Amino acid sequence: MGNKRHPARGLVTLGALAALVCLAVTAWLHLGWRATDVTLEDRSGDPGELRGFTLQGVRRWSSGESCLTVDLHDGYLDTEFFFDFSPFWTTTAATHGCDVNYVVRPQDRDAANANAWEELTAEDGSRFIHTSTNTVRRMYAMTLPGDTYLRVAGEDVTAEDPVEMLWISGPYTASDRLNFQNADYSYWESPGADLYPQQSPTAKNPVPQGDGWALCWKRQEGDRAPGLYRASGLTVEEINALPTDGEAYGQEVLCNSTEFGTLEPFYCPADAEVALAGASMAGGYTLLLYLDAQDTLWADLVDENGQRTDHREVTRLPPDCEDYQAVLLARTTDRDAVFTLESVPDADYWDKTISPRLAALRVEDGKFTVVESLADDSTFATRAAVLNAEGDALLIAKEHNFDGITSETGLQTMQGLDLRAQPLDGSAVTYQGRLNLGGEREWGRLAGASSRIMERVVDFPTIQKDRG
């Protein structure tokens with residue numbers, strides 16, 4: 001007789017294997033990732049002071065796909081493991097880039113072509129063409145969220161000695177018109193003129209506004225006053241479709257001095273000396289932080305038509321500084337906005353201590369209900385700060401970086417977040433604690449054993465992103 005088959009036995013075997021796999025995965029999660037879970041350590045003060053605060057973050061490896069979400073609410077810490085970190089890449093605030101260059105003005109183009117000479121031709125056919133001019137135009141090429149591009153003119157600058165310009169004319173690529181040096185004559189070197197470094201004229205973070213964006217233009221330049229401007233850019237395809245409008249060394253080009261896209265005034269307060277930052281707020285309002293000529297920091301709230309609905313003094317920043325910076329910290333509610341405020345001293349001011357500050361604001365029904373500023377410890381960088389429900393205190397999270405040594409891997413970098421609850425009235429800190437990120441535990445040693453840098457990184461989710 002032939003052998004009898006027993007399919008049930010096979011199913012039992014498969015079931016047993018599946019159970020073993022589940023047990024293995026469970027053990028891995030418990031002994032592996034869970035062994036590096038984020039923990040809250042109370043260090044001083046009353047843990048009850050955490051009531052009313054909500055702080056959310058994402059802990060991940062600097063290399064690897066998995067992550068751990070962190071939710072600290074009313075003093076309770078919840079974490080959740082995810083195999084795939086990609087959904088959290090969009091949690092960071094929207095930013096825009098700016099390429100600054102100096103180019104030939106339209107009225108100087110004929111003279112620039114007459115002075116042009118070819119240095120060499122490369123193997124790929126690229127030609128290195130030089131010219132010079134004494135007066136150049138500053139141009140700003142900006143990248144907006146959504147991969148659109150905006151180019152606007154700044155001021156003209158006259159140098160005592162000729163400014164050397166270069167054009168690398170070569171095989172055309174789709175992005176050539178976005179690159180100053182590949183599109184037309186642009187700045188090469190200027191021994192007699194201090195043209196660089198040149199910072200971006202706008203604040204780092206664009207402001208979501210309806211279905212578009214607003215940029216915070218920092219200082220007066222030409223006819224453009226400091227304030228908020230509605231920005232609209234062109235796609236690469238639209239830029240490539242623009243007609244040529246000039247000539248460079250006998251070749252038709254889209255001149256580097258040509259503007260494209262639009263930058264229209266939205267709100268520019270008359271007393272603004274420096275516009276520092278903006279934020280989209282609850283109810284369709286937009287916030288602008290700016291300095292006047294006396295270095296007083298003001299917060300203005302404007303409606304969708306650019307009409308001011310509230311105007312409040314925030315603080316006074318140190319005088320005699322070369323530049324100031326305000327950065328909007330990550331947030332999860334659009335009624336609140338917390339900014340870090342830093343000043344950049346001039347050459348004669350470096351021997352004086354300038355402490356960074358925090359500005360905390362809350363908006364309800366088109367009015368500010370909280371406008372406060374307090375000094376911030378500069379020992380470590382502030383990563384997050386949130387207002388409590390009552391609006392009378394901040395929970396501040398700062399980087400805590402230190403070195404630890406394990407027997408298997410030698411030097412390891414471990415990170416944590418130092419927490420402090422700070423009343424806005426300037427009274428003493430009511431609570432101090434630390435979110436330990438788990439770098440000192442088991443998997444830190446595995447990282448060194450596999451020659452991988454497994455530094456723990458924390459990102460903070462924010463609504464100030466795509467259409468935030």
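Here's the yes/no breakdown for (1) more than 24 Å from Pro206 (Cα to Cα); (2) modelled with pLDDT of 95 or more; (3) crowded, with 17+ Cβ neighbours inside 10 Å:
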{"position": "Arg308", "(1), (2), (3)": "no, yes, no"}
{"position": "His311", "(1), (2), (3)": "no, yes, no"}
{"position": "Val314", "(1), (2), (3)": "no, yes, yes"}
{"position": "Arg357", "(1), (2), (3)": "no, no, yes"}
Within region 255-296, take every residue that is open to solvent by 30 Å² or more (accessible area, probe 1.4 Å) and under 13 Å from Lys218 (Cβ atoms) and give me the one that is modelled with the lowest pLDDT.
Glu273
Cβ-Cβ distance below 7 Å, separation of 6 or more or different chains: which pairs start in region 100-127 with a residue that is within 24 Å of Met142 (Cα to Cα) and end on one that is open to solvent by less than 60 Å² (accessible area, probe 1.4 Å) and of a type in the set (Asp, Glu)?
Val103/Asp184
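Under 15 Å from Asn256 (Cβ atoms), among the polar types (S, T, N, Q), in contact with a strand residue (DSSP E or B) (Cβ under 9 Å, 6 or more places away or on another chain) and in a strand (DSSP E or B): is that true of Thr158 in this structure? Steps first, answer last, please.
Values: under 15 Å from Asn256 (Cβ atoms): no; among the polar types (S, T, N, Q): yes; in contact with a strand residue (DSSP E or B) (Cβ under 9 Å, 6 or more places away or on another chain): yes; in a strand (DSSP E or B): yes.
No, not satisfied.
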Taking region 390-448, which residues are at pLDDT 85 or above and open to solvent by 70 Å² or more (accessible area, probe 1.4 Å)?
Glu390, Asp392, Asp425, Ala428, Gln432
What are the residues in region 219-247 that are touching a Phe, Trp or Tyr at 6+ places or on another chain (Cβ under 9 Å), within 16 Å of Thr258 (Cα to Cα) and aliphatic (A, V, I, L, M), if any?
Leu234, Val236, Ile239, Leu242
In region 221-231, anything open to solvent by 60 Å² or more (accessible area, probe 1.4 Å) and in contact (Cβ under 8 Å) with a residue 24 or more places away in the chain is listed as Arg230
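For region 149-167, what are the residues that are open to solvent by less than 30 Å² (accessible area, probe 1.4 Å) and not basic (Lys, Arg)?
The answer is Leu150, Val152, Ala153, Gly154, Ala159, Val163, Met165, Leu166, Trp167.
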Search region 232-283 for residues being in contact (Cβ under 8 Å) with a residue 24 or more places away in the chain and among the β-branched types (Val, Ile, Thr), and hand back the single one that is nearest to Asn101 (Cα to Cα).
Thr258
Mind listing just one residue for me: the one in region 101-123 that is β-branched (Val, Ile, Thr) and in contact with a Lys or Arg (Cβ under 7 Å, 6 or more places away or on another chain) and, of those, most open to solvent (accessible area, probe 1.4 Å)?
Thr121
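Does region 238-254 hold any residues that are open to solvent by 20 Å² or more (accessible area, probe 1.4 Å) and within 11 Å of Arg177 (Cβ to Cβ), and which are they? Working first, answer last.
So in region 238-254, the residues open to solvent by 20 Å² or more (accessible area, probe 1.4 Å) come out as 238, 240-245, 247, 249-252.
If the condition is that a residue be open to solvent by 20 Å² or more (accessible area, probe 1.4 Å) and within 11 Å of Arg177 (Cβ to Cβ), then Glu238, Asn240, Ala241, Leu242, Thr244 are the ones that fit.
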Are any residues in region 124-147 of a type outside the set (A, V, I, L, M), touching a Ser or Thr at 6+ places or on another chain (Cβ under 9 Å) and open to solvent by less than 30 Å² (accessible area, probe 1.4 Å), and if so, which ones?
Ser126, Thr135, Tyr140, Pro145
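Can you tell me which residue in region 169-180 is modelled with the highest pLDDT, limited to those that are more than 12 Å from Leu254 (Cα to Cα) and not in a strand (DSSP E or B)? Before the answer, list the steps.
Within region 169-180, the first condition is being more than 12 Å from Leu254 (Cα to Cα), and the residues that meet it are 169-175.
Filter once more, keeping what is not in a strand (DSSP E or B): 170-175.
Working: Gly170: 77, Pro171: 69, Tyr172: 64, Thr173: 64, Ala174: 59, Ser175: 69.
In this case the residue turns out to be Gly170.
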Strands (runs of 3 or more DSSP E) wholly inside region 268-333 that include at least 1 residues being among the acidic types (Asp, Glu) and under 23 Å from the mean Cα position of the chain (by Cα):
296-302, 321-328
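Does Thr244 meet the test of being assigned to a loop (DSSP other than H, G, I, E, B), touching a Leu at 6+ places or on another chain (Cβ under 7 Å) and not aromatic (Phe, Trp, Tyr)?
Details: assigned to a loop (DSSP other than H, G, I, E, B): yes; touching a Leu at 6+ places or on another chain (Cβ under 7 Å): yes; not aromatic (Phe, Trp, Tyr): yes.
Judged against the criteria, Thr244 is a match.
Would you check if Asp147 is of a type in the set (D, E, K, R) and within 14 Å of Asn256 (Cβ to Cβ)?
On the way: of a type in the set (D, E, K, R): yes; within 14 Å of Asn256 (Cβ to Cβ): no.
Spelling it out, it is not the case that Asp147 is of a type in the set (D, E, K, R) and within 14 Å of Asn256 (Cβ to Cβ).
The values are calculated or read from the model by the stated rules, or taken from the named source; none is laboratory data. Source: prediction; values computed, not measured. Note that we place each Cβ from the backbone using ideal geometry, even for glycine, and neighbour counts take in every protein chain shown. For accessibility, only protein heavy atoms count, side chains too; no ligands or nucleic acids. Shrake-Rupley method; radii C 1.70, N 1.55, O 1.52, S 1.80 Å.
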